[in-house]
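Derivation of every value follows stated rules applied to the coordinates shown; laboratory data play no part. This structure is a prediction, so every number in the text was calculated from the model and none was measured. Glycine gets a Cβ as well: all are built from the backbone with ideal geometry, and neighbour counts include every protein chain shown.
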């Protein structure tokens with residue numbers, strides 16, 4: 001089989017779908033959905049074929065730009081990481097496409113929405129397949145653009161408008177550092193090709209340059225919404241729920257983690273240390289913030305932040321395989337949770353406040369059951385997928401870095417706490433508003449994707465069942481972790497630790513919030529704590545202050561230059577000049593054709609006298 | 001053509017002069033251009049003219065005497081032309097009529113004449129030296145075609 | 001045939017066309033006169049081309065013929081559109097462009 005063609009098809013099918021939708025099907029939403037789903041489906045099938053059949057590393061490269069000595073190429077680098085991510089992105093992406101058919105059924109702008117989804121799939125797959133940093137950056141920006149486009153789907157609401165801008169600008173800040181890092185990489189290592197860098201770094205005497213690594217991880221911080229650029233992710237929930245599921249939970253934020261794993265070979269020890277602390281800090285910080293949220297999607301957004309912290313911590317501890325393992329399982333159960341919440345929101349007529357839901361388990365039993373599966377997978381309950389991946393990371397932290405270990409355990413406890421709160425309040429008890437009373441079970445398209453995702457959330461963690469090529473990614477690292485634990489004789493500890501955090505978390509949430517609470521117990525009993533948590537450490541306020549007082553001044557100066565120099569002198573000046581010339585030319589236009597003939601004759605005489613040498 | 005009042009007569013004289021120019025082309029050994037002249041001008045262009053003349057059915061209007069300025073302009077132009085002729089005839093013949101190049105080999109029974117005529121020379125120039133003008137001509141024809149379609153389309157919302 | 005005679009004929013044809021443009025008021029005749037001027041130029045081109053023994057002038061005539069054909073087609077289309085609107089093709093009544 002010609003793998004180049006296969007990978008190119010995986011990459012280009014969504015692009016073709018997007019183009020077809022954009023050019024021909026803007027008003028025909030149903031057909032557009034069909035086109036996008038077909039493309040996503042075939043991408044998924046091809047990715048599966050590659051996963052099982054393409055069992056060795058594969059790379060191919062095409063020249064793209066050549067400026068003197070500098071050569072930028074477009075290429076594909078396929079390794080176990082790529083295989084896993086290709087499968088995850090296409091699989092989850094396809095299911096979300098299917099879900100969207102149900103969720104967006106009464107939306108007037110379906111064509112635009114599915115165009116956006118397809119462009120997003122294309123750009124994300126580009127990141128996954130890219131064989132060099134420049135190509136990765138190109139698709140990185142495309143992902144940013146498509147997320148901007150999709151968050152702004154409900155562009156007529158103020159919230160979506162500001163959220164899309166915020167997401168884009170926050171990403172730009174990180175991308176700026178990443179771009180500098182790429183330029184520095186090229187300058188320092190004379191190549192940006194990932195495979196070449198891997199070969200390079202395995203040679204003896206190779207010194208990793210810390211500055212490059214620090215600049216490159218700026219891109220990760222922006223895209224994966226890590227501290228201090230994390231504020232965009234919760235706001236990005238203003239987009240349609242399938243978008244939140246696809247972009248801000250399952251795949252886009254995973255791009256940051258994937259990027260870290262791809263460039264793992266040129267990350268130095270100090271940078272890894274930074275990543276560990278960023279990650280584990282985020283685990284706890286996001287976990288606390290989630291308690292103050294009442295919007296079901298925002299709670300899930302904060303849990304995404306916290307799970308991303310786990311992945312970052314795994315990379316920082318030197319186990320990129322485990323990070324991708326958690327990315328994979330997280331993609332399944334987070335997509336399930338988001339789509340489940342989408343199903344709930346759809347059923348409750350776009351009510352997102354959990355304290356106005358309640359009693360949903362009677363109205364929509366299947367969704368409730370599936371949401372429960374997602375919850376236990378997220379909290380890492382025994383034998384679900386989250387248990388395997390999350391506990392592996394916690395075990396790594398145990399023998400590598402004790403403070404991080406404590407933070408991660410605390411994070412697991414918090415996760416169970418806020419997820420318990422969400423589940424008890426929104427699904428159990430009795431209905432608390434008109435909307436939730438009239439809730440009904442969702443349609444076929446939505447349920448079928450939920451069921452598949454729930455299945456994957458349960459079994460996705462059993463790496464024995466993975467394709468052999470993809471398993472290479474995690475098996476080695478899992479074995480290492482296992483041996484370490486055995487040699488430290490900590491199996492007993494971990495069989496307890498695998499249960500305690502979530503058990504305590506669920507129990508405390510149940511005791512504190514009770515079933516089907518009408519009001520937030522934390523707000524009632526401890527208003528000061530609640531308001532403190534609700535401030536999210538004043539990040540938005542600090543950014544607001546900075547933008548108002550520093551950036552705005554600078555922008556004013558620039559604006560002045562623009563108005564006076566560019567606007568006044570260049571634009572008005574040019575226009576004025578053209579206007580004068582036009583007025584002069586108009587006076588020649590007298591409307592009588594004979595006059596034009598006279599002008600012609602005059603020109604002839606001038607020409608003639610010139611030719612005769614009279615001038 | 002210029003003095004007559006009836007446009008149809010004018011067009012007929014026009015055809016006559018075009019055919020005459022074609023004859024001159026023949027005398028100058030430009031056979032292909034002569035054929036082109038007859039086909040495009042006398043054939044297509046003038047038929048189009050006649051067609052429009054008859055379609056519009058313009059009345060023969062009384063000839064109005066042209067304005068002073070026009071007469072002056074006409075005089076000046078005739079004067080210029082005369083000046084040109086004087087300059088032309090004033091100097092000796094600078095360019096003798098060059099002999100045409102003989103074909104490289106004369107056709108015979110053994111070597112029948114290959115399909116080489118003057119046209120090949122045009123084609124060669126058109127597709128090498130004048131490639132860009134040639135393409136632009138194609139574009140111009142396309143623009144003209146579209147323009148005519150737009151012009152001859154009636155727009156309902158405008159009053160005629 | 002000498003170059004002189006060719007240019008003489010071309011000049012006469014040109015001035016005829018020019019006077020036609022200048023003196024006639026019927027737009028159709030004016031257009032025809034423009035064609036005649038173009039043809040005079042063609043003739044001069046071919047003459048010079050022949051006596052310089054190069055191909056360029058003759059090839060250029062080819063382009064002029066093409067342009068002339070396109071010009072006539074567009075010009076006549078404009079004329080028909082004009083006639084539909086104003087019921088006249090006389091030049092001195094067509095002076096709306098002035099304003």
Within the range A:466-484, find all residues whose amide N lies under 18 Å from a label point positioned 7 Å from the Cα of residue A:55 along Cα-to-beta-carbon. A:466-476
Just rank A:2, A:562, A:479, fewest to most, by other beta-carbon atoms within 10 angstrom. A:2, A:479, A:562
Could the peptides A:420-427, B:14-21 be put in order, highest first, of the mean number of other beta-carbon atoms found within 10 Å of their residues? A:420-427, B:14-21
Most packed first (mean Cβ within 10 Å per residue), the peptides A:30-43, A:326-339, B:140-153, A:81-94 order as A:326-339, A:81-94, A:30-43, B:140-153
Roughly how far apart, in whole Å, are the Cα centres of the range A:1-67 and the range B:124-157? 40 Å
Helix A:210-223 against the longest principal axis of chain A: what's the angle in degrees, Cα atoms only, rounded to the nearest 10? 90 degrees
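Roughly how crowded by other chains is peptide B:77-88, in terms of the mean Cβ count from those chains within 10 Å of each of its Cβ atoms? Show your work: numbers first, answer last.
Working: counts 11, 3, 0, 7, 7, 2, 2, 6, 5, 0, 1, 5.
Per-residue shielding by partner chains comes out at 4.
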In range of the label at residue B:145: residues from the range C:34-75 whose backbone nitrogen is under 19 Å from the point 7 Å along Cα→Cβ: C:63-75
0 to 90° range, to nearest 10: angle between helix A:552-561 axis and chain A longest Cα axis: 10 degrees
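Got the relative contact order for the range A:191-315 handy, in percent, Cα pairs under 8 Å and 6 or more residues apart? All intermediate terms of the calculation are to be shown ahead of the outcome.
Working: 147 pairs, mean separation 38.1, N = 125.
Answer for the range A:191-315 is 31 percent.
Can you tell me which of C:30-39, A:278-287 comes out highest on packing, and rank the rest after it, using the mean Cβ neighbours within 10 Å? Could you put the intermediate results ahead of the total?
On the way: C:30-39: 22.9, A:278-287: 24.6.
So the order, starting with the most tightly packed, is A:278-287, C:30-39.
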Relative contact order, percent, chain A [alpha-carbon distance under 8 Å, six or more residues apart]: 13 percent
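Counting only other chains, what is the mean number of Cβ atoms within 10 angstrom of the Cβ of each residue in peptide C:3-13?
Numbers: counts 7, 7, 2, 3, 3, 5, 3, 2, 6, 2, 5.
Taking the mean over all residues of the peptide, I get 4.
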Need one number for chain A: average projected area of the convex hull over its C-alpha atoms, nm². 38.5 nm²
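For a test of the definition: using alpha carbon positions, the gyration tensor, and the 1.5 limit on a/c, classify the range A:389-479 as rounded, prolate or oblate.
It is oblate, given that a/c is not under 1.5 and a/b is not larger than b/c.
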Once you have the Cα-Cα distance between residue A:69 and residue A:16, take 0.36 nm times their residue separation minus that, and quote the gain in nm to one decimal. 15.8 nm
Helix A:3-24 sits off the longest principal axis of the Cα atoms of chain A, rounded to the nearest 10 on a 0 to 90 degree scale, by 60 degrees
Based on the Cβ-Cβ distance of residue B:26 and residue B:127, what FRET efficiency does E = 1/(1 + (r/R0)^6) give at R0 = 22 Å, to the nearest 0.05? 0.30
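How shielded is B:47-56 by partner chains, expressed as the average number of their Cβ atoms within 10 Å of its Cβ atoms?
On the way: counts 0, 6, 8, 1, 1, 10, 6, 0, 4, 12.
Mean shielding count: 5.
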Euclidean distance between Cα centres, the range A:207-222 to the range A:259-280, Å: 8 Å
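Work out, step by step, the length gained on full extension between residue A:109 and residue A:612: first 0.36 nm times the residue separation, then minus their alpha carbon distance; give nm to one decimal.
Details: separation 503, 0.36 × 503 = 181.08 nm, distance 7.10 nm.
Using 0.36 nm per residue and subtracting the Cα-Cα distance, I get 174.0 nm.
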For A:115, A:402, order by how many other beta-carbon atoms lie within 10 Å, fewest first: A:402, A:115
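How big, in percent, is the set of alpha carbon pairs in the range C:3-94 lying more than 21 Å apart? It would help to have the intermediate numbers written out before the result.
Working: 1732 of 4186 pairs.
Everything past 21 Å amounts to 41 percent.
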Nearest-0.05 FRET efficiency for residue B:136 and residue A:5 at R0 = 35 Å, using Cβ-Cβ distance, is 0.30
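Can you give the extra length, in nm with one decimal, that the chain gains between residue A:459 and residue A:295 once fully stretched, where that is 0.36 nm per residue apart less the Cα-Cα distance? Don't skip to the end; give the middle numbers.
Details: separation 164, 0.36 × 164 = 59.04 nm, distance 2.92 nm.
Additional length available on full extension: 56.1 nm.
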If you average the C-alpha positions of the range A:489-505 and of the range A:296-356 separately, how far apart do those two centres end up, in angstrom? 22 Å
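For the pair residue A:349 and residue C:52, what calculated FRET efficiency results from E = 1/(1 + (r/R0)^6), where r is the Cβ-Cβ distance and R0 = 56 Å, to the nearest 0.05?
On the way: r = 87 Å, r/R0 = 1.55.
Taking R0 as 56 Å, the efficiency between residue C:52 and residue A:349 is 0.05.
Rounded to the nearest 500 deg cm²/dmol, what is the calculated helix-only ellipticity per residue at 222 nm for the protein assembly as shown, with -39500 (n - 2.57) per DSSP H run of length n ≥ 4? Provide the component values of the computation, followed by the final result.
On the way: 38 runs with 616 residues, N = 874.
One gets -23500 deg cm²/dmol as the mean residue ellipticity at 222 nm.
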